[in-house]
1. Kindly indicate whether any position in region 274-290 is surrounded by 16 or more Cβ atoms within 10 Å (Cβ to Cβ) and within 12 Å of the ligand (Cβ to nearest atom).
2. Which one of the conditions (1) over 26 Å from Thr308 (Cβ atoms); (2) free of Cβ contacts under 8 Å to residues at least 40 places away in the same chain; (3) away from the ligand (no atom under 16 Å from the Cβ) does Ile159 fail to meet, given that it meets all the rest?
3. Of Val220, Val199, which residue is assigned to a strand (DSSP E or B), free of Cβ contacts under 8 Å to residues at least 40 places away in the same chain and within 12 Å of the ligand (Cβ to nearest atom)?
4. Being in contact (Cβ under 8 Å) with a residue 12 or more places away in the chain, out of contact with any Pro (no Cβ under 7 Å at 6 or more places or on another chain) and in the same structural domain as Asn219 (by TED's automatic domain parsing) narrows it down to one residue among Ala92, Ala124; which is it?
5. For region 141-168, which positions are over 15 Å from Asn219 (Cα atoms), open to solvent by 10 Å² or more (accessible area, probe 1.4 Å) and under 12 Å from the mean Cα position of the chain (by Cα)?
6. Name the residue, out of Arg117, Arg132, that is touching a strand residue (DSSP E or B) at 6+ places or on another chain (Cβ under 8 Å) and more than 15 Å from the ligand (Cβ to nearest atom).
7. Ala226 - would you say it is within 15 Å of the ligand (Cβ to nearest atom), more than 28 Å from Tyr104 (Cα to Cα) and assigned to a helix (DSSP H, G or I)?
8. Determine which member of the set Leu338, Leu295, Leu302 is open to solvent by less than 70 Å² (accessible area, probe 1.4 Å) and either more than 26 Å from Ala72 (Cα to Cα) or without any contact (Cβ under 8 Å) to a residue 12 or more places away in the chain (or both).
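The values are calculated or read from the model by the stated rules, or taken from the named source; none is laboratory data. Worth saying up front: this structure is predicted, and the values here are computed from it rather than measured. When we count neighbours, we look across all protein chains shown, and the Cβ atoms used for this are built from the backbone with ideal geometry, even at glycine. All accessible areas refer to the heavy atoms of the entire protein, side chains included, with ligands and DNA or RNA removed. Shrake-Rupley method; radii C 1.70, N 1.55, O 1.52, S 1.80 Å.
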Amino acid sequence: MDNLLNYELIELNDIVSGLGEKSFRAGQVFGWLAKGVASFDEMRNVPAALRQRLSEQYYIGLPAVVAVQRSAEDGTVKCLFEYAGPNDGAVAVRIESVLMRYEYGNSICISSQAGCRMGCRFCASTRNGLVRNLTAGEMLGQVLAMRNLLRETDPAADIRHIVVMGMGEPFDNYDELSRFLRIVHDPKGYNLGMRNITVSTCGIVPMIGRFAEDFPQVNVAISLHAPNDAVRRETMPIARKYSMEELLNACANYAERTGRRVTFEYALIRGVNDGADQAAELATMLKKHIPAQFLHVNLIPLNSVDGTGLAGTDRAAAESFCSVLEKRGVQATVRRTLGSDIDAACGQLRSRY
Ligand code: SAH
């Protein structure tokens, strides 16, 4: 059995014609899948014979909801999902997705892998390494299941922004990531604008160039977390593979190729990367490689993860780090941490179960 959520419309056409049906039926099926239906029976305008034949070979791989936590402070919703992978032989995994509420609407932070092999010292998701990649359908399933959950209490609820910033390194699972992007973007399906999607990477340099070619309208965020290679190598193993110079040059090419701004994520770690001199160094380093209008730095005090010995910078120090950047002409913001009362904040995506 095969998860039907993994397929692009063009492939669904072949599947449906292979079952002896007119290929326009594929568009109907694809549309129903994007609505989040859990069974073939809900596909009302699809002939019963086709529904039957589909269900003999395929399943609709929405995740099981293991647990839901809602933040009393800001409405953030964290879901622990499970993909049992019973039929296709995949290992069962539990992953988390977080729904954040902004003025511009709902945004979901999805996972791209179960676990991660990047090994960043401050991050909870990588502690036990990579379990397995998620498929495109498993990325889509998080969005659909979260929206179904919201619609239980608010039938008009929708999710029109996606950030791939949950568990995992999306560029370490590039093929499934790109398949997911094509599926969720398709106007006959979920119909989400590429501009409403952001992919965050720890900086796998060759993939940044490729992504700029393949998805020039998708936003890219780079987890930088340091003003120079020496500091970056203390917390991020990937920095030993690619230098900051290579990384920032790839970002400059991305900006030039796409005309889009690059967001740099910078988790402020007390005594490691949060000094005023380091802010100045960061500004110089960024401007040396990338024109200022293409730069944005997102500062977020580190959420401490047990056993790492790393702590977050306090709010006041974060603000002053921010103002050093701004004085030097680098746009920066100190991010609100949403959902911290439910362990949904950055780097906290791990289960208590
Ligand atoms: N692998 C991708 C996306 C997942 S991590 C990446 O590295 O970008 C999403 C973001 O959370 C990254 O910027 C990551 O560095 C950050 N992060 C991880 N642990 C954190 C923590 N404890 N506190 C704050 N941010 C953290």
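1. Among the residues of region 274-290, not one is surrounded by 16 or more Cβ atoms within 10 Å (Cβ to Cβ) and within 12 Å of the ligand (Cβ to nearest atom), which makes the answer no.
2. The number of the failed condition is (2).
3. Going through Val220, Val199 in turn, the sole match is Val199.
4. Numbers: Ala92 fails: in contact (Cβ under 8 Å) with a residue 12 or more places away in the chain.
Result: Ala124 is the single residue among Ala92, Ala124 that is in contact (Cβ under 8 Å) with a residue 12 or more places away in the chain, out of contact with any Pro (no Cβ under 7 Å at 6 or more places or on another chain) and in the same structural domain as Asn219 (by TED's automatic domain parsing).
5. Matches in region 141-168: Gly166, Met167, Gly168.
6. On the way: Arg117 fails: more than 15 Å from the ligand (Cβ to nearest atom).
Going through Arg117, Arg132 in turn, the sole match is Arg132.
7. Details: within 15 Å of the ligand (Cβ to nearest atom): yes; more than 28 Å from Tyr104 (Cα to Cα): yes; assigned to a helix (DSSP H, G or I): no.
It is false that Ala226 is within 15 Å of the ligand (Cβ to nearest atom), more than 28 Å from Tyr104 (Cα to Cα) and assigned to a helix (DSSP H, G or I).
8. Details: Leu338 fails: either more than 26 Å from Ala72 (Cα to Cα) or without any contact (Cβ under 8 Å) to a residue 12 or more places away in the chain (or both); Leu302 fails: either more than 26 Å from Ala72 (Cα to Cα) or without any contact (Cβ under 8 Å) to a residue 12 or more places away in the chain (or both).
Checking each option against the conditions leaves just Leu295.
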